[in-house]
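Have a look at the structure below before the remarks.
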Amino acid sequence: GAMAPGKKITARIKRTLPVKGPQAPTLSELMRWYCLNTNTHGCRRIVVSRGRLRRFIWILLTLSAVGLILWQCAELLMNYYSASVSVTVQFQKLPFPAVTICNINPYKYSSMKDYLSELDKETKKALETFYGFSEGKSKVRRSVDEWNSTGSDFFKQIPLLKFEDFSKTATDLRSGQKRKIEGSVFHKDSSIVNSGDSNDIIGFQLCDANNSSECALYTFSSGVNAIQEWYKLHYMNIMAQIPLETKEKLSYSADDLLLTCFFDGLSCDKRHFTLFHHPLHGNCYTFNSGENGTILSTSTGGSEYGLQVVLYIDEADYNPFLVTSTGAKIIVHDQNEYPFIEDIGTEIETAAATSIGMHFTRSRKLSKPYSDCTETGADIPVENLYNKSYSLQICLHSCFQKAMVDSCGCAQYAQPLPAGAEYCNYKKNPNWMYCYYRLHEKFVKEQLGCQQICKDACSFKEWALTTSIAQWPSTVSEDWMLRVLSWDKGQKINKKLNKTDLANLMVFYKDLNERFISENPANTLVILLSNFGGQLGLWMSCSVVCVIEIIEVFFIDSLFIVMRRQWQKAKKWWNDQKRDRSGKTQQGSDLERQGHDNPVCIDEDLPTFNTALRLPLPQDNPLPRTPPPNYSTLRLETAFTEQLPDTLEVGQH
Amino acid sequence: MNLKKYFIRALHRLQKGPGYTYKELLVWYCDNTNTHGPKRIIKEGPKKKLIWFFLTLLFASLVFWQWGILINTYLSYNVTSSLSIGFKTMKFPAVTVCNANPFKYSEVKHLLKELDRLIEVALERILQPTPGNSSENASPPLDLELWHQIPLVLIDEHDKDNPVIVDIFESNQTALGNQTAGGNQTAADNQTAGGNQTTADNQTAADNQTAGGNQTTADNQTAAGNQTACSHQGSDNCTYRNFTSAAQAVTEWYILQSTSILSKVPLQERIRMGYQAEDMILACLYGAEPCNYKNFTQIYHPDHGNCYIFNWGMDEEALNSSNPGAEFGLKLILDISQQDYIPYLSSAAGARLMLHQQKSFPFLKDQGIYAMAGTETSIGVLVDELERMGYPYSDCTMNGSDVPVKNLYSQYNTSYSIQACLRSCFQNDMIEICGCGHYMFPLPERVNYCNNEDNPGWAYCYSALRSSIRHRQICIDSCKETCNDTQYKMTISMADWPSEASEDWIFHILSYERDMSTNVTLDRNGIIKLNIYFQEYNYRTISESAATTIVWLLSSLGGQFGFWMGGSVLCLIEFGEIIIDALWITVINMISWCKGLKQKRVQARYPDAPPTVSELVEAHTNLGFQHEDTDALPRDEVLPPEPGTPPPNYDSLRVQPLDVLGPDSDAE
């Protein structure tokens, strides 16, 4: 009857709007009916079992099955957000990564002389005073000219100090005066001070300019570290005042750095390199930076087909205090990544061929809710100061820089400038060093909250490097090699190249396999539902239909029965009160009962002859025409009576 | 008549079925099916009936939808990876050691004499641009034949549009042979050709552009060492390969020339000219066991001459290592005798070594690492394995048999690898296009290596092929990686060796052992110590397993069906049965309808007394009866004998399936 056209259906629904309740008149009847007719397996057993013990056991079993289902489904739900990892390897033409190459020494020492002479003089004086080191005795190549001691006084503000009696008195480098130390002592190198050698302790003191009683004392166990740290501190001050264009000129040009270049079997030159100015490493050059829109790719692995460059490392022009090692630093990175060369660069030796074989791995994590990572960094409340795609490093550095600008009023030299800020220097921000050290300490101790705010990036590319070194040039080829390279270098330098000024670098793909490690959701909704279904089916042969049944029977029908009871009681009470016609009430209830038992009463069209004819056979069956084959027919009867009411009622109308 | 018999029997079979009309059938199905929804449609009141009908429909469509998703998931053949890390006894990798320099200079000097003199003079001229200063007056005449095939030229690009090309030798001989290869014009090219006498320099536009581009980089003077390669002498088909660095140009030029010379030397001779195992491998210790150069398998590698492979596993069992640490690994002392290097061929000095799997060919240019002379290089090894499932899970090959490239490295008896495939692919292309094989790769049968005499244009052909992106892509596409990929992750560290205090006696002993004399023949520039050992965790295995198996698919399908409708495969069979029944009903209805038409015609012809109601009922319900009656086939003994009497046993037969429920109702 449900297939009747729409109007008919609505009409019928209207006709039957007074909701008829469930068939069962009482709650227990309803329960019995439910148990007998439900699709779940346990209930029926409870009803049909004979004997109290058996029934009890079945109740127990059914309940435990329900419990198991609930438990297992909860487990399934809790493990829904788990990920499985898949690794795919694909052999293909691979994009060549960007390779950023820097000289370890940031700026040509000869051209920096104007800026650093004062500082160097100071440093040398310190060396002489504290360690008895003097220029003449050493093998330092360049002669230190007499410099005009115009003397800026900020060296005086943060002098190197030598601590005689550790912690309390110190000798000032400049004045030679002893003075008392106030404030807390920070030991940069270790927390344990070797008290026996207290004479050797050297360090410097940083004071809050606004409040001179607030001082922090930094000491180092080795003078090498102390001098370098102290030098760096002043060096950054000086560099912060030099505009970028000047700094770029002070550093190495591409022609200075790159002697030869060869990529994928073809010659390349400085046009393939992009200048990238790094605050601590000066001019760096990025090969294949993708700036002009094309990214080179490799279609053959092996050392011949990678990048081969010979670098000119002018060791004679190194800053003796700032850097103490010689060579170049390189980093292999993605075109969109910022090269954190000071953090994760690889150092390249001079007078050697460094061969760097790469394996490419791409990884991808699932973001929320699977793991706490970020796709683009847009959801991180830290402004990306670098003009590159998001990474954890970038976030941490940006976060620190922001904190620095907020609390110190100026930006730290090693990181890019936020809008409207400028780099710290002594002239404008006399207090910045103290502030910086304090802040940095907080940062390291995770008190700034940067580590909490910043999240991993969800996808990242990694080039695993295998570095090996060979002697280069070989003793027999050294002669002609150096001559030809000197010739290549041209007229710019007149001297013959030394092999310790050169570094040969080969960067290549070991193979063109791209490993892609990706996380995939271990579960989908479909699989979750299947698992639910499996659990329900395994323990109780239950399905969503059963759940609906339960809701229907236990909530709607039960409620209805209770309500009806109440209604009948009220009605009866009302009738008793008002009238004494008891027969009628009896009749009414009878009718009502029939109505419940007979839900089809409103159904179907009037019976026609044909429908009458279509009555199922079983009605005729009990006719004694055929001998009943023992008890089977009896059971047949019961089978049909179960089936019958529906069709019977059709007939009755 | 057999068919008819069968048909009638089928009709009877149907009579034992659940009903005679569609409705009955449906009702019977809904009532008796094990699927949860339909029963409700029958049992409930009219409104609930409606609700249940829609619910059942909804659930059924949900089930089908989700099944679709599941089957799709299954067919995408996903894999899950499992990772295991640890230490276990493993086969020690095969270790290939070579000298970076392929041949002893003292042995090949006579072959390369001409070439070396040529390059020396050429360098002289490059480095001293003022002519006349060269000190060639005393030297014997140069063999310019070699030169003319592939000359080195200088390209002066001060003028972007008119780069000046100077052949280093010609420039001296023909006074001021500053021929201009003007722009891209062939006229100018011809002029150049005339000046050169030997080479027709047909500079292509692209070349000019690159060359022109150089000009922008050069501030005042860029003198680029350049190299031309012509396909044939005197032909117009020439290209310039330009280099920004003379050092690079000279090296490349020398490699091309020496390749051509050495390719004519028979293999035995080449092996003899290389480094012998007893000279190179001075000491060997594997774990606590001593080994010597005899434990190494010699292999001739075109790049590096004689290479020696330890533990290759070709003839003998591969060695196992069951302990981590340097003490249980391989310790080698090598001598690379740097004094005997060919000066122009390889500028880097050291040993080239590589770790690879047993029975695989070492591709040193790709995977090899250097070890520096005068140092001790320690290599900690982690075996990084990737075990993948083959088709259809991932596109990889188990043994290379399904790759359409003929593996030329199989002559070494080595297993398939992607590097072997790519090289074979290149060599095959080279043979096809240039007519000869490249010296760096193995040869198939009946093909010779390229050399300048037999194949004058090979260098041009080779460089064209090498830079052809299309050919590379074809090779990349046709080669597949292997399913089991093993990489040896190396942690390399170096220290100076021997120490200053110990170097005297170490050199003495090693020299004595090698040469049986007290003269010290070794020095810091030649000696290398190698330690290769397993790390504390020596393996990291990523193995794939199918994420979706057929069992998974079935249980998921079952789960879905069970979840929404409580159904199982049996329910599907039930459903199928119902459909068959419905078909039968259709057939029967059709037949009865036909019968009806016939009867009507018969009735029209012989107007008879109209059938009684009971007759009609019988006719309607018992089709078998009607059928027989009208067809009048008394021969058919299977037919019910008495019209009007239902077949005596069919109801009891129908009970039969209900019997399954027997115990249940008994319990009641």
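The values are calculated or read from the model by the stated rules, or taken from the named source; none is laboratory data. A quick note: this is a predicted structure, and the numbers were derived from the prediction, not measured. All Cβ positions, even for glycine, are placed from backbone atoms using ideal geometry, and neighbour counts span all protein chains on display.
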> Which members of the range A:82-125 meet the condition of being in a strand (DSSP E or B), among the polar types (S, T, N, Q) and either within 14 Å of chain B (Cβ to nearest Cβ) or at positive phi (or both)?
Replying inline: A:SER84, A:SER86, A:THR88, A:GLN90
>> Whether any residue in the range A:462-469 is at pLDDT 85 or above and more than 12 Å from every other protein chain (Cβ to nearest Cβ) is what I want to check.
In response: yes
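Looking at the range B:565-587, which of its residues are β-branched (Val, Ile, Thr), within 14 Å of chain A (Cβ to nearest Cβ) and touching a residue at least 60 places away in the same chain (Cβ under 8 Å)? Break it down into steps so the answer makes sense when it comes.
The initial filter retains those residues of the range B:565-587 that are β-branched (Val, Ile, Thr), namely B:569, B:573, B:578-580, B:585-587.
Checking the rest, the ones that are also within 14 Å of chain A (Cβ to nearest Cβ) come to B:569, B:585.
Within the range B:565-587, just B:ILE585 meets the criteria.
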> Out of (1) at the interface with another protein chain (Cβ under 10 Å from one of its Cβ atoms); (2) at pLDDT 85 or above; (3) under 30 Å from B:ALA582 (Cα atoms), the odd one out for B:HIS36 is which?
Replying inline: (2)
> Going by the structure shown, is B:ILE528 touching an Asp or Glu at 6+ places or on another chain (Cβ under 8 Å), among the aliphatic types (A, V, I, L, M) and surrounded by 14 or more Cβ atoms within 10 Å (Cβ to Cβ)?
Replying inline: yes
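Yes or no, residue by residue, for (1) within 51 Å of the chain's Cα centre (by Cα); (2) in contact (Cβ under 8 Å) with a residue 12 or more places away in the chain:
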{"site": "B:PRO38", "(1), (2)": "no, yes"}
{"site": "B:ILE41", "(1), (2)": "no, yes"}
{"site": "B:PRO46", "(1), (2)": "no, no"}
{"site": "B:LYS49", "(1), (2)": "no, no"}
{"site": "B:PHE53", "(1), (2)": "no, yes"}
{"site": "B:SER82", "(1), (2)": "yes, yes"}
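When you go through B:ILE476, B:ILE433 one by one, which is the residue that is away from every other protein chain (no Cβ under 12 Å), in contact (Cβ under 8 Å) with a residue 24 or more places away in the chain and of a type in the set (Val, Ile, Thr)?
Numbers: B:ILE476 fails: away from every other protein chain (no Cβ under 12 Å).
Of the residues listed, the single one that is away from every other protein chain (no Cβ under 12 Å), in contact (Cβ under 8 Å) with a residue 24 or more places away in the chain and of a type in the set (Val, Ile, Thr) is B:ILE433.
Looking at the range B:556-574, can you tell me whether even one residue there is in contact with a Pro (Cβ under 7 Å, 6 or more places away or on another chain) and crowded, with 19+ Cβ neighbours inside 10 Å?
Residues of the range B:556-574 in contact with a Pro (Cβ under 7 Å, 6 or more places away or on another chain): none.
The answer is no; no qualifying residue exists.
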>> Testing B:ASP485 on (1) within 13 Å of another protein chain (Cβ to nearest Cβ); (2) surrounded by fewer than 20 Cβ atoms within 10 Å (Cβ to Cβ), one condition comes back false. Which one is that?
In response: (2)
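To keep it simple, each residue is scored yes or no on (1) within 22 Å of A:GLY420 (Cα to Cα); (2) hydroxyl-bearing (Ser, Thr, Tyr); (3) in a loop (DSSP other than H, G, I, E, B).
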position: A:TYR370; (1), (2), (3): no, yes, yes
position: A:PRO381; (1), (2), (3): yes, no, yes
position: A:LYS388; (1), (2), (3): yes, no, yes
position: A:LEU396; (1), (2), (3): yes, no, no
position: A:CYS399; (1), (2), (3): yes, no, no
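Checking the structure you have, find out if any residue of the range B:52-71 is assigned to a helix (DSSP H, G or I), farther than 30 Å from B:CYS483 by Cα, of a type outside the set (Ser, Thr, Tyr) and modelled with pLDDT under 85. Explain how you work it out, then say what you get.
Taking the range B:52-71 as the starting set, the residues that turn out to be assigned to a helix (DSSP H, G or I) are B:52-71.
Checking the rest, the ones that are also farther than 30 Å from B:CYS483 by Cα come to B:52-68.
Those left that are additionally of a type outside the set (Ser, Thr, Tyr): B:52-55, B:57-60, B:62-68.
Now restrict to residues that are modelled with pLDDT under 85: B:52.
Looking through the range B:52-71, at least one residue is assigned to a helix (DSSP H, G or I), farther than 30 Å from B:CYS483 by Cα, of a type outside the set (Ser, Thr, Tyr) and modelled with pLDDT under 85.
Free of Cβ contacts under 8 Å to residues at least 60 places away in the same chain, under 30 Å from A:VAL484 (Cβ atoms) and surrounded by fewer than 22 Cβ atoms within 10 Å (Cβ to Cβ): which single residue out of A:LEU266, A:LEU244, A:LEU217 fits that description?
A:LEU266
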> Somewhere in the range A:537-552, is a residue among the aromatic types (Phe, Trp, Tyr) and under 16 Å from A:ILE69 (Cβ atoms)?
Replying inline: yes
>> Could you list, ordered by first residue, the pairs with Cβ atoms under 6 Å in which the first is in the range A:564-581 and assigned to a helix (DSSP H, G or I) and the second is at pLDDT below 85, at least 6 apart or interchain?
In response: A:ARG564/A:GLY21; A:ASN575/A:THR585
> Would the range B:312-320 turn up any residue that is buried (at least 20 other Cβ atoms within 10 Å of the Cβ), within 14 Å of chain A (Cβ to nearest Cβ) and at negative phi?
Replying inline: no
>> Out of B:TYR293, B:TYR275, I need the residue that is buried (at least 19 other Cβ atoms within 10 Å of the Cβ), within 22 Å of B:GLY526 (Cα to Cα) and not aliphatic (A, V, I, L, M). Which one?
In response: B:TYR275
> Considering only the range B:402-446, how many residues are part of a loop (DSSP other than H, G, I, E, B) and among the small types (Gly, Ala, Ser)?
Replying inline: 3
>> Give me the strands (runs of 3 or more DSSP E) completely within the range B:349-389, filtered to those with at least 3 residues that are within 12 Å of another protein chain (Cβ to nearest Cβ) and over 24 Å from the mean Cα position of the chain (by Cα), ordered by residue number.
In response: B:351-356, B:375-387
> Could you list, in sequence order, the residues of the range A:509-543 that are within 17 Å of B:LEU553 (Cα to Cα) and within 7 Å of another protein chain (Cβ to nearest Cβ)?
Replying inline: A:VAL526, A:ILE527, A:LEU529, A:SER530, A:ASN531, A:PHE532, A:GLY533, A:GLY534, A:GLY537
>> I need a count of the residues in the range B:235-260 that are more than 35 Å from the chain's Cα centre (by Cα) and surrounded by fewer than 20 Cβ atoms within 10 Å (Cβ to Cβ).
In response: 3
> With A:PHE340, A:PHE263, A:PHE276 as the choices, which residue is more than 10 Å from chain B (Cβ to nearest Cβ), over 22 Å from A:ILE242 (Cβ atoms) and under 34 Å from the mean Cα position of the chain (by Cα)?
Replying inline: A:PHE340
>> Please verify whether A:LYS455 is touching a Cys at 6+ places or on another chain (Cβ under 7 Å) and charged (D, E, K, R), treating the condition exactly as stated.
In response: yes
> Of all the residues that make up the range A:316-327, how many are surrounded by 17 or more Cβ atoms within 10 Å (Cβ to Cβ) and touching a helix residue (DSSP H, G or I) at 6+ places or on another chain (Cβ under 8 Å)?
Replying inline: 6
>> Suppose the filter is at pLDDT below 85 and either over 20 Å from the mean Cα position of the chain (by Cα) or of a type outside the set (A, V, I, L, M) (or both); does A:CYS373 pass it?
In response: no
>> For the range A:413-448, give me the residue count where each residue is on the phi < 0 side of the Ramachandran plot, within 27 Å of the chain's Cα centre (by Cα) and not aliphatic (A, V, I, L, M).
In response: 9
> Out of the residues in the range B:551-564 that are out of contact with any Phe, Trp or Tyr (no Cβ under 8 Å at 6 or more places or on another chain) and without any contact (Cβ under 8 Å) to a residue 12 or more places away in the chain, which is nearest to the other protein chains (Cβ to nearest Cβ)?
Replying inline: B:GLY562
>> Testing B:SER545 on (1) touching a residue at least 12 places away in the same chain (Cβ under 8 Å); (2) part of a helix (DSSP H, G or I), one condition comes back false. Which one is that?
In response: (2)
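So for the range A:296-312 (the condition being over 18 Å from A:ALA98 (Cα atoms) and of a type outside the set (Lys, Arg)), does at least one residue qualify? Walk me through how you get there before you give the answer.
The initial filter retains those residues of the range A:296-312 that are over 18 Å from A:ALA98 (Cα atoms), namely A:312.
Checking which are of a type outside the set (Lys, Arg) leaves us with A:312.
Yes, the range A:296-312 contains at least one residue that is over 18 Å from A:ALA98 (Cα atoms) and of a type outside the set (Lys, Arg).
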